[in-house]
Amino acid sequence: MARLGALEAGGTKMVCAVGDEDGNILERGVIPTGTPEETLPALISYFREREIEALGIACFGPVDLNRESKTYGHILQTPKEAWRMFDFAGAFREALGVPVGFDTDVNGALLGEVTYGAYRGVKNAVYYTVGTGIGAGVMTEGRLLHGMQHAEAGHILIRPRKDDTFSGVCPSHGTCLEGMAAGPAIEARTGKAGKELADGDAVFDLIAEYLAQAMVTAVMMLSPEVIILGGGVMERSALFPSIRQKTLSLINGYIDTKQLRDIDHYIVPASLRGEQGIKGCLRLAQEAAEGEVKK
Ligand code: ZN
């Protein structure tokens, strides 16, 4: 068994773990996210002391995933100013001298689910996180989608419902999906944190409507075999039946597949109960180690 390092790098906390290629987590720690000068030394000594053979990082974005680029592995134009253009993957590769795998937080979570979760082996899948923001990881034919940069599926444009006059909270687009349906939108709409609201609150019918529109876009654009929904907002399990029903209603029979006929197993909650991200990092580490052997 290899000793693999896993780092789920978030805007508020860094989750570090050591595990193996079967997805077993042997130990873990949490370090609050400060500036790079505050946070990096603690992370590096955590992994150095544990003598890992490779490290997988799933990082908040936007990040540069293009291996041909001079800024590969850097964090790009994030609102977190101290981290802007920081060479995240490079800092660990240099300090630890081990292979480093690097991807977005949402691609990491998706990779965890399709490697170790209930959707093991699925080659075409989309993973959405719906929390303080909305993001999506995309896998097509067994490969995580990077493309020009990576998907920014929280910022797709949606069609506001006729009775919804809310102007949205996205600083760039106002009424994009994230601007209308993420945690801060729920709070701006109701004056309360989402967690304080009852399942029956009218706001959740709107949230389900917009998430269903996103599901339809994913279905039409990417033809996934499963769509996994995680993140704080999706801990409200009552949203699932509503999103599924609205998705079918919007598709309106245009596509008829066995997956859509069994929609309870098509639009699904994350199966790894919050561990999908860190386990995805283990897989990224393993892939980085294998890539090194091939060279
Ligand atoms: Zn936006």
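Shape call for the stretch 118-269 from the C-alpha gyration tensor, a ≥ b ≥ c root eigenvalues: rounded (a/c under 1.5), prolate (a/b greater than b/c) or oblate? Note, shape of the stretch 118-269 comes out prolate. The amide H of VAL63, built 1.01 Å from its N in the peptide plane, has LEU76 as neighbours under 5 Å, considering only residues 5 or more places off or on other chains. For the stretch 146-152, the Karplus equation 6.51 cos²θ - 1.76 cosθ + 1.60, evaluated at θ = phi - 60°, returns couplings of 10, x, 4, 9, 5, 5, 10 Hz by residue, with Gly and Pro reported as x. Taking every alpha-carbon pair under 8 Å whose residues sit at least 6 apart, the chain reaches a relative contact order of 23 percent.
Among beta bridges from DSSP that stay inside the chain, the antiparallel ones total about 55%. Over the stretch 1-115, Cα pairs under 8 Å with separation of 6+ residues give a relative contact order of 24 percent.
Looking at the stretch 1-103, the GluC sites (Glu not before Pro) that sit in a DSSP loop and have at most 13 other Cβ atoms within 10 Å of their own Cβ are GLU51, GLU68. By its C-alpha gyration tensor, with a ≥ b ≥ c as the square roots of the eigenvalues, how is the stretch 192-295 shaped: rounded for a/c under 1.5, else prolate for a/b larger than b/c, else oblate? The shape class here is oblate. In this structure the amide hydrogen of PHE102, modeled in the peptide plane, comes within under 5 Å of the amide hydrogens of ILE57, none closer than 5 places in sequence on its chain. Restricting to the stretch 4-104, compute how many DSSP beta bridges are antiparallel as a %, nearest 5. Expressed as a percentage, antiparallel bridges in the stretch 4-104 total about 60. With the cut-off at 1.5 for a/c, could you classify the stretch 80-181 from its C-alpha gyration tensor as rounded, prolate or oblate? Oblate, because a/c is 1.5 or more while a/b does not exceed b/c.
Pick out which of LYS279, LYS70, LYS13 has the largest mean-square fluctuation in a Gaussian network model of the chain, springs linking Cα atoms closer than 10 Å. Ranking LYS279, LYS70, LYS13 by mean-square fluctuation puts LYS70 first.
The residues neighbouring GLN286, those whose beta-carbon lies less than 12 Å from its own, together hold a net charge of -4 under the Lys/Arg +1, Asp/Glu -1 convention. Just to confirm the number: angle between the C-alpha axis of helix 276-294 and the first principal axis of the chain, 0 to 90 degrees, nearest 10? It is inclined by approximately 50 degrees.
The local environment of ALA193, defined by Cβ-Cβ distances under 14 Å, has a net charge of 0 under the rule Lys, Arg +1 and Asp, Glu -1. Scanning residues 5 or more positions from MET14 or on other chains, those with amide H under 5 Å from its amide H are ILE31, THR33, with H placed 1.01 Å from N in the peptide plane. For LEU26, neighbours were defined as the other residues whose beta-carbon sits under 15 Å from its Cβ, and their charges (Lys and Arg +1, Asp and Glu -1) total -4. Helix 239-251 and the longest principal axis of the Cα set of the chain meet at an angle near 70°.
Coordinate-derived values only; no laboratory data. All of these numbers come straight from a predicted model, not from anything done at the bench. FYI the Cβ positions are ideal-geometry reconstructions off the backbone, even for glycines, and counts take in every protein chain you see.
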